[in-house]
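Asks: Below is a structure I'd like to ask you about.
The values are calculated or read from the model by the stated rules, or taken from the named source; none is laboratory data. Note that the structure is predicted; figures quoted are calculated from it, not measured. Neighbour counts are summed over all protein chains in view; Cβ atoms, including those assigned to glycine, are modelled from backbone coordinates with ideal geometry.
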Amino acid sequence: MSPTPDDLTVVDAPAAQRYEARTDGDLAGFAAYLRGDVLIAFVHTEVQEGYEGRGIGSALARAALDDARARGLGVLAICPFIDEWISKHPDYEDLRYAPDSKVTD
């Protein structure tokens with residue numbers, strides 16, 4: 001795997017409801033989300049063609065999850081990439097959202 005580009009930045013783009021990874025000003029990938037008061041649901045992660053295999057997805061996951069932790073949000077990993085990334089990084093497992101509702105039919 002090629003190293004992550006040195007100039008890679010990951011920023012929250014709330015108007016687009018996604019975290020964006022950019023290198024040299026170009027969009028390299030994004031992690032789309034739905035964010036509420038207590039949780040953030042990651043619904044899709046995509047790395048643009050030409051940037052695959054360079055650690056862009058991992059950089060996105062780490063930055064987005066670190067931001068969720070800083071905001072005190074639980075994480076609902078609907079996106080398979082984010083879900084698997086958390087599974088491979090046990091220090092992020094505590095972020096998984098667990099509803100406390102006991103309501104049943």
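Asks: Across the range 63-80, what is the total count of residues that are surrounded by fewer than 20 Cβ atoms within 10 Å (Cβ to Cβ), free of Cβ contacts under 8 Å to residues at least 40 places away in the same chain and in a helix (DSSP H, G or I)?
Replies: The total comes to 5.
Asks: Moving to a separate point now. Please state which of the following conditions Thr4 fails to meet, knowing it meets all the rest: (1) closer than 20 Å to Tyr92 by Cβ; (2) among the polar types (S, T, N, Q); (3) modelled with pLDDT of 95 or more.
Replies: Only one criterion is unmet by Thr4, namely (3).
Asks: Criterion first (out of contact with any helix residue (DSSP H, G or I) (no Cβ under 8 Å at 6 or more places or on another chain), over 14 Å from Tyr97 (Cα atoms) and among the hydrophobic types (A, V, I, L, M, F, W, C)) does Ala59 satisfy it?
Replies: Values: out of contact with any helix residue (DSSP H, G or I) (no Cβ under 8 Å at 6 or more places or on another chain): yes; over 14 Å from Tyr97 (Cα atoms): yes; among the hydrophobic types (A, V, I, L, M, F, W, C): yes.
Yes, satisfied.
Asks: Say whether the condition of being within 10 Å of the chain's Cα centre (by Cα), crowded, with 20+ Cβ neighbours inside 10 Å and touching a residue at least 12 places away in the same chain (Cβ under 8 Å) is met by at least one residue in the range 12-24.
Replies: Yes, the range 12-24 has at least one match.
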